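First the structure, in the form of structure tokens, and then the observations on it.
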Amino acid sequence: MKKKILKWLNHLVTGLLVVLLICVASLVVTSKLSGGEPSVFGYQLKTVLSGSMEPGIKTGSIIAVKTGGDMTRFKEGDVITFMEEDEKLITHRITEVIKNDNQLMYRTKGDNNNTEDINPVLAQNVVAEYRGFTIPYLGYFADFADSKKGTVLLMIVPGILIFLYSIFTLWRTISKIDLNSKSKNAVEETKTN
């Protein structure tokens, strides 16, 4: 029974390490190919670097935002991600929709901010809509993974873990073979004597 459990655990750990390596490699490759914006099922993953949307979106969280579509469709209360003049992305809630002649703009505010944002957001500067999916604190890890050190480390560590685990498994198997061989020799020696 103990051998079956150990064998099952062996397969489980090996499988998890392989899956981890594949996931990390795919995330890194996807991120690099798309210019640093990983996309999963049509959603882009963004790291939240400020506390302006707390408590709903915590600093250091990863959020999934849906890109594309008609950027004039939003209404008061929707949460959008938009590009500021300095090409910085911000995710805030719409407090007012402003229609001027041929232009549509959104007045926005961070949930945790006391005042609305100074400048209204032009509809063409909206890049995505936040639909409520967030993973708290994973953004700190994502920022590290996006760095040169992080990318190298995240590609190497799972490989090293798999390699070390393979050496351990091989050593354990060789030890069992040696033990079985020694016990066979001891039995043969007692038979001959």
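On a per residue basis, the convex hull of the C-alpha atoms belonging to region 53-193 measures out at 166 Å³. Surface composition of region 50-137: carbon and sulfur atoms hold 47% of the protein heavy-atom accessible area at a 1.4 Å probe. For region 116-159, the C-alpha radius of gyration divided by 2.2 N^0.38 Å, with N the number of residues, is 1.80. For Val13 and Thr67, a Förster radius of 45 Å and the Cβ-Cβ distance give a FRET efficiency of 0.75, rounded to the nearest 0.05. Surface calculation, 1.4 Å probe, protein heavy atoms: Lys176 sits at approximately 110 Å² accessible.
Compactness ratio for region 98-172: Cα radius of gyration over 2.2 N^0.38 Å (N = residue count) comes to 2.03.
Ranking of Met1, Met83, Met53 by solvent-accessible surface, largest first: Met1, Met83, Met53 (1.4 Å probe, protein heavy atoms only, all chains present).
The values are calculated or read from the model by the stated rules, or taken from the named source; none is laboratory data. Just so you know, these numbers come straight off a predicted model, no measurement behind them. Neighbour counts run over all protein chains shown; Cβ positions are idealised from the backbone, glycine included. Each accessible area value is taken on the protein alone, full model and side chains, heavy atoms only, with ligands, DNA and RNA left out. Shrake-Rupley method; radii C 1.70, N 1.55, O 1.52, S 1.80 Å.
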